Amino acid sequence: MKIALIAMSGVRVRTEELAKLGVTLPGFVNRGKVVASLPSLGLLTVAGLTPGEHEVKYIEFDDLPPEGTPLERFDLVGISSFTARINAAYRLADRYRQMVVPVVLGGIHVSLRPDEAEAHADAIVVNGAEGAWPQLLKDFEAGQMKKRYIGATDQVFSPDLYSFPRFDLLKGRPYNRLTVQTSRGCPLNCEFCAASVRITKKFQQKPVELVINEMEAALKVAEHPFFELADDNTFVNKAWGKEFLKAVTPLKLHWFTETDISVADDEELLNLLAKSGCRQILVGLESPDPRALHGMNPNDWKARRQATYLESIRKIQSKGITVNGCFIVGLDTDTPETIKYIKDFVDESELIETQITVSTPFPGTPMWQRMKDAGRLLYSEYNDRCTLFDVNFQPVKMTVDELDQGIQWLFTNLYSEQEFLKRKRRYMDIVKNLEET
Ligand code: SF4
């Protein structure tokens, strides 16, 4: 069989003012561009689960091919996308189905909204593809494909289920960043999170040896790639983290990952991290205001950690690893003053990079359910507005307009070239001191 695995990417901010700001503020667009240019590790994993007798083609669409443009024909098409581009993915699926090419849809959005996705597919895969895709292919070949397949939510890295991603499918393409996953899920379980935490039963970690094997395979398709670990929270297990860092150091890579602020608690881990080629960690600080953090996690983990934020950032950055601090605006206790407070906090914190996003009730998450029940959603359907920059709900202590204005103010005041250079110079002083000591 000839199978296409298609990633639909290319998110665009809907609010006009922000779209304009994006054009002029380099710090704002940079991270978004980086994320959009990463290959879909999920689909490479699906390819890895596909028996070798089938021909697999990995395709990325930044936009839908114009109506009337002929689409390449396949025996089966698998499409995955994130919420903001899922409507485009549905349109592509509809076009293939009009050509009588069967379509399978999968990914986190599809897992969270299976009934919606099912209307555009011959079959859907809910959760990860492990434990579902091989059976789907067998059924398809036998002419008995079902409407819905449920992937495994546990033990996904066990020998029975594990899939080695097909990095070889990326050969000859101009990627300078590649992704490898070391874990799935996150025990912090934030109410708003629409990441892999929603498709796993519990946090699962890949054996270090497998991660290193994958990195070595990825190194064969790109020259000196920068690695992004496609994890939600890499260093939940500090003992595993140390083992991984010792194993990755000899590869002499440069890499980035996402984790929580507790990495700062472990001096040995930080020293290993600094030696390992890690350039930056992205940490979801969410808010400098403890009231905003209250109730975010089932056990209030983030609210309890807030008092350590400044010191923890200092500790991590003193090792020469930058922290990309992420903040969400529009949380239920936020007022226009909170937005100014975020700027003050960034100034005080020595952060060089920050990621500001708008609180977003991704369809299917606990936050979405709560807002829906309270009648606070502004639109009944808003997949394509889940860009993390567009407001889709009624805030509690601000008007929608005040939130929109606040975001624009924050972007202008944090992401201008001048502000970025100011933060960069401050960080370079830290590095200089580091070299002198
Ligand atoms: S800490 Fe990050 S990855 Fe973990 S649940 Fe919260 S938002 Fe998701």
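No lab work stands behind these numbers, since they all come straight from the coordinates. No experiment lies behind these values; they were computed from the predicted model shown. Neighbour counts run over all protein chains shown; Cβ positions are idealised from the backbone, glycine included.
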The cysteines in the chain that find no other cysteine Cβ closer than 4.7 Å to their own Cβ are Cys186, Cys278, Cys326, Cys386
With bins of 10 Å, the percent of all Cα-Cα pairs of segment 230-372 per bin from 0 is 11, 40, 32, 15, 2
With N residues in segment 177-280, Rg(alpha-carbon) / (2.2 N^0.38 Å) equals 1.04
extent check for segment 60-210: Cα max minus min per principal axis, descending, whole Å, gives 46, 38, 33
Cα-based Debye curve of segment 33-84 sampled at q = 0.15 Å⁻¹ gives log₁₀ I(q)/I(0) of -0.54
Filtered hits (aspartates and glutamates, Cα-Cα < 18 Å from Lys275, offset >= 8 within chain) -> Glu228, Glu243, Glu258, Asp265, Asp266, Glu267, Glu435, Glu436
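Relative contact order for segment 167-436: what is it in percent, counting Cα pairs under 8 Å that are at least 6 residues apart? Walk me through the numbers on the way to the answer.
Values: 444 pairs, mean separation 41.8, N = 270.
Answer for segment 167-436 is 15 percent.
All other residues with a Cβ under 10 Å from the Cβ of Leu410 taken together, and with Lys, Arg as +1 and Asp, Glu as -1, what is their net charge? Please list the in-between numbers first.
Values: positive: Lys340, Lys343; negative: none.
Once all neighbours under 10 Å are counted, the net charge is +2.
My understanding is that a pair violates if its Cα-Cα distance is over 22 Å; which of Lys206/Lys319; Lys201/Lys372; Lys343/Lys422; Lys206/Lys242; Lys206/Lys302 do that in this structure?
Correct reply: Lys206/Lys319; Lys201/Lys372; Lys206/Lys302.
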Using the Kirkwood formula on alpha carbons, the hydrodynamic radius of segment 340-424 in angstrom works out to 14.4 Å
The local net charge around Cys190, scoring Lys/Arg +1 and Asp/Glu -1 for residues other than Cys190 whose Cβ lies under 12 Å from its Cβ, equals -3
Using alpha carbon centers only, segment 48-102 is separated from segment 103-127 by a whole-angstrom value of 13 Å
Taking a crude spin-label model, label points 7 Å out from Cα along the C-beta direction, the Asp265 to Asp373 distance in nm is 3.0 nm
Residue-normalised 222 nm signal for the chain, counting each DSSP H run of n ≥ 4 as -39,500 (n - 2.57), nearest 500 deg cm²/dmol, is -11000 deg cm²/dmol
Taking alpha-carbon centroids only, segment 235-281 lies from segment 187-212 a number of Å equal to 17 Å
In the neighbourhood of Thr365 defined by beta carbon distances under 12 Å, the net charge of the other residues (Lys, Arg +1; Asp, Glu -1) is +3
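How long are the semi-axes of the ellipsoid equivalent to segment 167-436, from square roots of 5 times the Cα gyration tensor eigenvalues, in whole Å, largest first? Walk me through the intermediate numbers first.
Working: eigenvalues 196, 107, 67 Å².
So the equivalent ellipsoid measures 31, 23, 18 Å along its semi-axes.
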Scoring segment 158-219 by relative contact order with C-alpha pairs under 8 Å, at least six apart, yields a percentage of 37 percent
Largest fluctuation, Ala132, Ala123, Ala239 only, Gaussian network model of the chain with Cα springs under 10 angstrom, belongs to Ala239
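Pairs of Cα atoms under 8 Å, at least six residues apart: use those to get the relative contact order of segment 80-198, whole percent. All intermediate terms of the calculation are to be shown ahead of the outcome.
Values: 135 pairs, mean separation 21.2, N = 119.
Once normalised by length, the contact order is 18 percent.
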